[in-house]
């Protein structure tokens, strides 16, 4: 058997061998059209690990018969790139797969740009990071940007079965029997990462003693070889921000089950600092004055989780998430402060009224500072009508109460009475 990993051996040699990514390589789709027309342009492929970025580059190269080279923006230096450029000058064109393209430094970038411009090198950049966040605009502007998606369970099964049947590159000569539940585990447990599934399958085959002339992979063996596939959750990566966004939006939308799902993903990533910060933000941004006590209880749950650590920390966090989901919602506080900040940043501030200015120094009275100030505690109910805003915005209204919770309903009544 080849010493190269099964996932490497099973990479597609032609675009027709691609599994998944139908939105890019399916009939009539953009990358297939580029290949068929032999009009390739540089591109950036981004998405989680193991879903086909290198496979698409390999398939493009095999479909066009151009020379295909692979480099890494971090580990390969400028001299390695010079070798690729020399080959491009001799052959007319080279397809360069540049992994971790978001880590390309300025020296390497400046060296490559002229060859991208004249078409001698077709760059296929691969990255797990959102290129709009992570890739230098000089490179990004010269490339088409395509997002890849994790493979479906159906696609994963296709890839696994193909590797079992392929006698040239796969495991077809070994007479492997993969039980149905084991196939399901490999396909579903890899979270759309075909490389992970094939690596686990190969480990299962290599570590299982044959019975006669066949190897049987049971569900128990499959579980041992693919115990847990960590989903993509690099703290600097796209998936991290997508999960955080989905987490907050699910709580805001009062969907308990979705909120617990995304909480679970953050817990699996071991990301307690993100959970803590996000829950505090949610308690004050989305629940706010509709249920002010939720903020204090959320903080208490976070402090408990920090003391307990995982796995027990999941319990107080789940309590907080369920309460936040089912609490009445109000964004009146964040809307109010953002409205006030908007006025300030656009120049609508004005001068502090004379009666509110500091009067704790000799001569302040002669300047008119604080002379007409009315001390609220000297009046019934601790309130007296007077102007507090500057003259230029004296009628500005920032706070618009919501009536989704009893507490803010009470605040609304007081607010309106004061008006």
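The values are calculated or read from the model by the stated rules, or taken from the named source; none is laboratory data. All of these numbers come straight from a predicted model, not from anything done at the bench. Cβ coordinates were reconstructed from backbone atoms using ideal geometry, including for glycine residues, and neighbour counts include every protein chain displayed.
Mind listing whichever residues of region 59-74 are touching a strand residue (DSSP E or B) at 6+ places or on another chain (Cβ under 9 Å) and in a loop (DSSP other than H, G, I, E, B)?
Going residue by residue through region 59-74, those that are touching a strand residue (DSSP E or B) at 6+ places or on another chain (Cβ under 9 Å) are 60-62, 64, 66-74.
Residues satisfying the conditions are 66, 73, 74.
Select from region 223-247 the residues that are over 9 Å from the mean Cα position of the chain (by Cα) and not in a helix (DSSP H, G or I) and write down the one among them that is modelled with the highest pLDDT.
Taking the candidates together, the pick is 226.
If you check residue 285 against the conditions, is it under 25 Å from the mean Cα position of the chain (by Cα), without any contact (Cβ under 8 Å) to a residue 40 or more places away in the chain and in a helix (DSSP H, G or I)?
No: the conditions fail for residue 285.
Restricting to region 90-104, name every residue that is surrounded by 13 or more Cβ atoms within 10 Å (Cβ to Cβ) and over 18 Å from residue 49 (Cα atoms).
Scanning region 90-104 gives 93, 94, 95, 96, 104.
Any chance region 389-397 includes a residue that's farther than 26 Å from residue 348 by Cα and in a loop (DSSP other than H, G, I, E, B)?
Keep residues of region 389-397 that are farther than 26 Å from residue 348 by Cα, which gives none.
No, region 389-397 contains no residue that is farther than 26 Å from residue 348 by Cα and in a loop (DSSP other than H, G, I, E, B).
Tally the residues that are touching a helix residue (DSSP H, G or I) at 6+ places or on another chain (Cβ under 9 Å) and surrounded by fewer than 16 Cβ atoms within 10 Å (Cβ to Cβ), restricting the search to region 115-141. Write out each step before concluding.
Start the filter on region 115-141 by keeping residues that are touching a helix residue (DSSP H, G or I) at 6+ places or on another chain (Cβ under 9 Å), which leaves 115-116, 120-136, 138-140.
Going one step further and asking which of them are surrounded by fewer than 16 Cβ atoms within 10 Å (Cβ to Cβ), we end up with 132-133, 136, 138.
Residues that pass the stated criteria total 4.
Which residues, counting only those in region 48-80, are surrounded by fewer than 23 Cβ atoms within 10 Å (Cβ to Cβ) and more than 17 Å from residue 94 (Cβ to Cβ)? Before you say what the answer is, go through the steps one by one.
So in region 48-80, the residues surrounded by fewer than 23 Cβ atoms within 10 Å (Cβ to Cβ) come out as 48-49, 54, 62, 64-80.
Across region 48-80, the qualifying residues are 48, 49, 74, 75, 77.
Determine if region 327-344 includes at least one residue that is within 44 Å of the chain's Cα centre (by Cα), exposed (fewer than 10 other Cβ atoms within 10 Å of the Cβ) and within 30 Å of residue 283 (Cα to Cα). Steps first, answer last, please.
First pass over region 327-344, keeping only residues within 44 Å of the chain's Cα centre (by Cα): 327-344.
Filter once more, keeping what is exposed (fewer than 10 other Cβ atoms within 10 Å of the Cβ): none.
Within region 327-344 (the criterion being within 44 Å of the chain's Cα centre (by Cα), exposed (fewer than 10 other Cβ atoms within 10 Å of the Cβ) and within 30 Å of residue 283 (Cα to Cα)), the answer is no, since none of the residues qualifies.
Just for region 251-278: of the residues that are free of Cβ contacts under 8 Å to residues at least 40 places away in the same chain and assigned to a loop (DSSP other than H, G, I, E, B), which one is farthest from the chain's Cα centre (by Cα)?
Here the residue is 253.
Within region 303-320, can one find any residue that is over 20 Å from residue 259 (Cα atoms), assigned by TED's automatic domain parsing to the domain that holds residue 394 and free of Cβ contacts under 8 Å to residues at least 12 places away in the same chain?
So far as region 303-320 goes, no, none of its residues is over 20 Å from residue 259 (Cα atoms), assigned by TED's automatic domain parsing to the domain that holds residue 394 and free of Cβ contacts under 8 Å to residues at least 12 places away in the same chain.
Which strands (runs of 3 or more DSSP E) does region 122-222 wholly contain that include 3 or more residues that are closer than 24 Å to residue 3 by Cβ and modelled with pLDDT of 90 or more?
Fully inside region 122-222 and qualifying: nothing.
Of all residues in region 155-177, count the ones that are over 30 Å from residue 132 (Cβ atoms) and touching a helix residue (DSSP H, G or I) at 6+ places or on another chain (Cβ under 8 Å).
So the count comes out to 14.
Might you let me know whether region 103-117 holds any residue that is in the same structural domain as residue 33 (by TED's automatic domain parsing) and on the phi > 0 side of the Ramachandran plot?
There is no residue in region 103-117 that is in the same structural domain as residue 33 (by TED's automatic domain parsing) and on the phi > 0 side of the Ramachandran plot.
For region 244-266, which residues satisfy the criterion of being closer than 13 Å to residue 313 by Cβ and either surrounded by fewer than 19 Cβ atoms within 10 Å (Cβ to Cβ) or in contact with a strand residue (DSSP E or B) (Cβ under 8 Å, 6 or more places away or on another chain) (or both)?
Of all residues in region 244-266, those closer than 13 Å to residue 313 by Cβ come to 263-264, 266.
Passing the criteria: only 264.
Specify which of the listed residues (305, 340) is outside any loop (DSSP other than H, G, I, E, B), under 23 Å from residue 248 (Cα atoms) and out of contact with any strand residue (DSSP E or B) (no Cβ under 8 Å at 6 or more places or on another chain).
305
Quickly run through region 178-212 and pick out the residues that are touching a helix residue (DSSP H, G or I) at 6+ places or on another chain (Cβ under 9 Å) and surrounded by fewer than 15 Cβ atoms within 10 Å (Cβ to Cβ). Lay out the reasoning, then the answer.
At the first step, the residues of region 178-212 found to be touching a helix residue (DSSP H, G or I) at 6+ places or on another chain (Cβ under 9 Å) are 178-190, 192-205, 207-208, 210.
Correct list: 180, 181, 207, 210.
Got a sec? Which of 374, 362 is closer than 30 Å to residue 407 by Cα, out of contact with any helix residue (DSSP H, G or I) (no Cβ under 7 Å at 6 or more places or on another chain) and part of a loop (DSSP other than H, G, I, E, B)?
The unique qualifying residue is 374.
What are the residues in region 267-289 that are buried (at least 23 other Cβ atoms within 10 Å of the Cβ) and either at pLDDT 95 or above or under 21 Å from residue 411 (Cβ atoms) (or both), if any?
Our first condition is that a residue be buried (at least 23 other Cβ atoms within 10 Å of the Cβ); within region 267-289, this holds for 275, 279, 282-283, 287-289.
Result: 279, 282, 283, 287, 288, 289.
Would you check which residues across region 107-141 are touching a residue at least 24 places away in the same chain (Cβ under 8 Å) and out of contact with any strand residue (DSSP E or B) (no Cβ under 8 Å at 6 or more places or on another chain) and list them?
Of everything in region 107-141, those that are touching a residue at least 24 places away in the same chain (Cβ under 8 Å) and out of contact with any strand residue (DSSP E or B) (no Cβ under 8 Å at 6 or more places or on another chain) turn out to be 107, 108, 109, 111, 113, 117, 119, 133, 136, 138.
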